[in-house]
Structures are given as structure tokens and as C-alpha cells.
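Please treat every number below as a calculation from the coordinates, not as lab data. Since we're looking at a predicted model, the values are computed, not measured. Positions of Cβ are generated from backbone atoms using ideal geometry, with glycine treated the same way; all protein chains shown enter the neighbour counts.
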Amino acid sequence: MSDNSIYKDVLMDHYRNPRNRGDLTHVDVVRRGSNPRCGDDIEVGINFKDGRLGKVMFRGRGCSVCLASASMMTEAVNGKSKLDAHRLAEAMKAWFTADGVKPTESLQALEAVRSHSARKRCVLLAWEALDDALRAE
Amino acid sequence: MSDISVIKNGPLDKFDVATIRAGFPLLAGAGDSLHYLDNAATTQKPNAVIDAIDDCYRHHYAPVHRGLYPLAEEASNLYEAARETVARFIGAPTDQLVFSRSTTESVNMVAQGWVRPRLRQGDQIWLTRMEHHANYLPWQALCRDSGAQLCIIDLKDDGSLDIENCSSLYGSRTKLIALSQLSNVLGVITPVKKICAQAAEQGIAVMVDAAQSVGHIPVDVAELDCDFLAFSAHKMFGPTGIGALYGKVERLAEMEPLLLGGGMVDNVDECFSSWMPYPAKFEAGSPNLADALGFAAAVNWLDDYDITEMHQHVTDLTQYALDSLSRIADVKIYGPRDTWQRGGIISFNLAKVHPHDIGQIAGERGVAIRAGHHCCQPLMQLLGVSATARASFAPYNCHDDVDALVDAILAAQALMG
């Protein structure tokens, strides 16, 4: 792939070997994000532990960007307080909608997707579902 | 590269892809770095169209049907000459060709202006399963508002219309049949002429969405005998922002205008007004002179070629693409596998690879295809998918473009598999 490809190694690793993808039956809260325009459909589940995010899981279907972003999200928010997780979700939205700065180094692989406006929702779907789940708690 | 010489020396000896391509500055400028296969979304523009628009603004621009000075009179004459050119292209009398913004606006004009006042509870409007949202949503909304029934002609496995199972299609409750002449997803060409003939026997009106057909296959409204036919300039090498609606004399006379405003009135009193005769009554607001001239330039450009020959070239490419894609493991092609009654549009999916990823990876390799639901969600539901990838061909495409598509699909498979 060329240097400007969105398919960076880290992104492809998360797509091929998604972290925290699986069963959501034993989580405290589940929220869904879907994009009928392309059929991406993700559910994000959170287990809370002492007011912080314990295990964060996801399941669903989508393109590589959507699934990789969901996988990266579950790692990025693990152990954070609800407020910090919410702030990170807000920072992600800002990063992809305006001139926001990269929220954290672990999300660097998504940088190349920023210039592709058509894929913005693919990236943000899991983050929006996470934010919904935080508000639901 | 080899295919161009094959075409030069083959049965299509008058048809030269290299010459056609050279007349499209964006394609000529991009060279081998762009394989533009998104022609069902919009076509590229030849110099003839770009120059006509440029020439309008540089030398002929003035208000249309509003001025008494020579420049304005010239602008009005050019606008009406453009109408004549576009009308002649589809075999329509000049005054029965209404300029609109798009196919979408043309369909909405018919829905609101002719069907709505005539639609009663219990009436039926028939569509096909593969309609574009532009020829679906206006009818869905009308039926919802009026208590009429939205009825769907389903598809056979090969994508053709399953008319035999629509027993009340030509029944007394049917007010309108609205169908696409060439599916923007499956590429299927529908039997519009046959449907119009049977509908006419029962006094049923037929609205044809010809967005994908005009400029790509021969279309003649007199031969089709349809009541309405809508199409867009930008899908037939003309500018964006302008389309057309053809209507039969009695239909246009009966139809109420969608937009009210300047340029379409005969007389305005405090409480009552009367409209100009068609087509003026449907063209409220300042006419889009430059794009009308660009539209006519696209038609004149097409007229320099034999449309049957162009379609044959696209058909040959489509067959080559169908054969090539069929040889790739895990590719699923939707619609007919042969090119009989088919336009140059192929929708497909790749097992385990999302269409967005196919589209993105193809894009990174200079192959421009579409990925999504193509504004045809009811058809996607029938196919059991949320989206497909779609390649669509135009006369400036060649076998190299198909080969690049195949390479891109193999690359997507290698990366994502």
C-alpha cells in the first residue's frame, strides 16, 4: 500500500485481530451505533467497576475502519473514569470533525483516515455508541 | 493499451476510444493514474460541454425571456434552441421538453403536479423493486398522504421484472406505473415499451426514470409512448444542475406547476393567477442558461457518434468485466450475467470484504468505483445486503480500466482476506 493508504499496519492488526470483540450478555450497559448508509452496525458494552470503566467490549459488523476503530476504542478507554472516557469520545469527535488534535498516541493509526470525509462515520460509530452508553449509566 | 488497437482494427473501426478519451480533459490529464468507473453516478465532461458553458458566460450571458435588448434576445433564443436540441434527441416535440434541475426534480414535478390531485384512497401506484430513491420516495409519500397503495413489481433471479406475478398491475385501481428504464444497480434494461402499450389500453399513465438510459442507449419517447420521461444532463456528459421532463401534451396541459414564481405566469391578480402554457409554466425562476447550453452541447457531442456503436463498445466492456470478475474467487455479481438487455453497470460484492474497503482500496489504486446502497435500499433489502460495490462504464473506458478494476479487487482480497 502507498504511504497515503488508510490501511496502516496498526489499523489492519486491529481489524484482523480485534481486541475485546465478543459476547455482551454480561455487561452493565449496551448501546448500539448503526449507519444504514453502509450497513455498519456496532454494539458497545461496558462493565463498570468502582465508578470506572472495567471491561469494554464490542460486537457487530462493519468495514475494516469501523471494526478497527471499535477495537482501538475498547483499549483506549479501559480503566478510565466515566468523565475521562466521555472527554476522550468528545476529543475523537473533535479530531474528526474540526481542527481537533489527536486525543492520544494509541489512536495514531486513524490519522490517515481523517482526510477521507466519507469514512468519518465509520471511525466515530463505536465512539458514539460508547458515549451513549456512558450517558445511559 | 492493446484493446484500443483491437477496437480500431475490429468491427468498431469507426469508434476510437483514444480519440474520445482525449476529448475529456480530466481523463486526458490524469492519464493512466485514473480509471474512472463511476459513470452511473456521474459522467465526465467533454471539452465541447465545458467550452459551451465557458462561451455562454464570456459571450452570450443575459436574462432569458426577460429582456428586450439584443443580448437578452440572443440569450432567449439560445435557451430555446437548447430545448429544441435536447427534445430532438429523445424524439420529443420541442415544447414538450421541460427543463428542470434534475431527474429527481422532474419526478417530483409529476408526483406533486399531476398525480397528487388525481390520487384517491384505494388507488394503486406501481413501482419496481429496483427503483432509485428518486423514483420511490415521491410515490411512497403520495401514497402515505392519500391512502393509496404502493405496489411493487418484484424481480426474478436474473434481475428482470416479474410482471407475471403482478395480477392487478394493469387493473382499474392503478393510477400510475413508475419505473426505471435502466437500473442504476443491476444494469437491467426494463421492457418500457411493452409496459406502456399495455398500460395505455387501460388508460394508465407511465412515468419513466431514464436517468441511466438517455445518452447511453437509444431512447425515443414517441416509440416508447410513455406519458412522462425524466433524465439528467450530468449522467450523459452534460453539466450538473440541469435535467429534463418530457410529458405527453394532455399530461403537461393537466399538470400543475411545482414551483410558482417569476417567468411562469400569464396574469397575476390579487387573489387569482393564471399560468403560461407549458413548458414555461414549469420553469419558474430565472432559467439556467449556461447549463442548458451545456446540456445541448452534450447532446451535440453524442450526436457526433453513433449511439448504438457507443453502447456496443460499453456492452463489450461489460461482458469482458463480467467474464473477468466471474473468474475471481468469492466475487458475487448481482443481476444478469450476460449483456442481453443490460447497460454498462455491474454491482458486486466480495466475500469477507466490506464494499467500503473495496471502494477505498480501488480508490488508492486510481480505480474510481462506487460503494454503498446506490440510493436503492429496497433493492439492497431484496439482495440481502446493506451495500454493494459498483463499476459502471462509459464510451471513454477501455479494457485497461477493467483490468485495473480486477487488480484492485485482487488487492482488496489480499489485504483483507
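Largest GNM mean-square fluctuation across B:Ser273, B:Ser168, B:Ser232, computed for chain B with C-alpha springs under 10 Å, falls on B:Ser273.
Per-residue mean of foreign Cβ neighbours for B:354-364 is 6 (Cβ atoms of other chains, 10 Å radius). Against chain A, whose longest principal axis comes from its Cα atoms, helix A:120-136 is set at around 10 degrees. Rounded to the nearest 500, the helix-only mean residue ellipticity at 222 nm of the protein assembly as shown stands at -11500 deg cm²/dmol, with each DSSP H run of n ≥ 4 adding -39,500 (n - 2.57). Within the listed set A:Glu105, A:Glu90, A:Glu43, the Gaussian network model of chain A (springs between alpha-carbon atoms below 10 Å) gives the highest mean-square fluctuation for A:Glu105. Considering only A:Ala85, A:Ala98, A:Ala68, the Gaussian network model of chain A with Cα springs below 10 Å gives its largest mean-square fluctuation to A:Ala98.
Around the Cα centre of chain B, unit charges on the Cβ atoms of Lys, Arg, Asp and Glu (plus for the first two, minus for the last two) sum to a dipole of about 980 debye.
Which of the aspartates and glutamates could be linked to B:Lys332 by a straight reach, that is with a Cα gap under 18 Å, when you skip same-chain ones fewer than 8 residues away? Those aspartates and glutamates meeting the cut-off are B:Asp157, B:Asp158, B:Asp323, B:Asp357, B:Asp403, B:Asp407. Packing around the peptides A:18-26, B:148-156, taken as the average count of other Cβ atoms within 10 Å per residue, puts them in this order, highest first: B:148-156, A:18-26.
Taking every lysine pair in region B:50-303 that is 8 or more places apart or spans two chains, those with Cα atoms closer than 18 Å amount to 7. Per residue of A:39-46, other chain Cβ atoms within 10 Å of the residue Cβ number 2 on average.
Placing +1 on each Lys and Arg Cβ and -1 on each Asp and Glu Cβ, with no other charges, gives region A:9-136 a dipole about its Cα centre of roughly 180 debye. Of the peptides A:7-17, B:132-142, the ranking by mean beta-carbon count within 10 Å, highest at the top, reads B:132-142, A:7-17. In the protein assembly as shown, taking the dipole from charged Cβ atoms about the Cα centre, the farthest positive-side position among B:Ser213, B:Gln124, A:Thr97 is held by A:Thr97. Residues within the reach of a label modelled at B:Asp55 (point 7 angstrom out along Cα to beta-carbon, backbone nitrogen below 17 Å), restricted to region B:61-88, are B:61-62, B:74-86. Once the chain from B:Leu382 to B:Gln198 is taken as fully extended at 0.36 nm per residue, the excess over their C-alpha distance is 63.6 nm. Farthest towards the positive end of the charge dipole of region B:50-303, among the residues B:Gly262, B:Tyr61, B:Gly171, is the Cα of B:Gly171, using unit charges on the Cβ of Lys, Arg, Asp and Glu. Within chain B, helices built from complete DSSP H runs that reach 15 Å or longer along their own axis (Cα positions) and carry a mean Kyte-Doolittle hydropathy of 0.5 or higher are B:289-303, B:399-416.
Figure legend: label point modelled 7 angstrom from the Cα of B:Arg327 along Cα→Cβ; residues of region B:369-401 with amide N under 17 Å from it are B:399-401.
Residues of region B:284-299 with an amide N closer than 16 Å to a point placed 7 Å from the Cα of B:Ala22 along the Cα-to-Cβ direction: none.
Judged by the ratio a/c of the largest to the smallest principal axis of the C-alpha gyration tensor, region B:135-270 counts as oblate, that ratio being 1.5 or greater while a/b is no larger than b/c. Of the residues B:Cys143, B:Thr104, B:Phe231, the one whose Cα sits farthest towards the positive end of the charge dipole of region B:50-303 is B:Cys143 (charges of +1 on Lys and Arg Cβ, -1 on Asp and Glu Cβ, taken about the Cα centre).
Inter-chain Cβ neighbour count for A:63-75, averaged per residue, equals 2 (cutoff 10 Å, partner chain atoms only).
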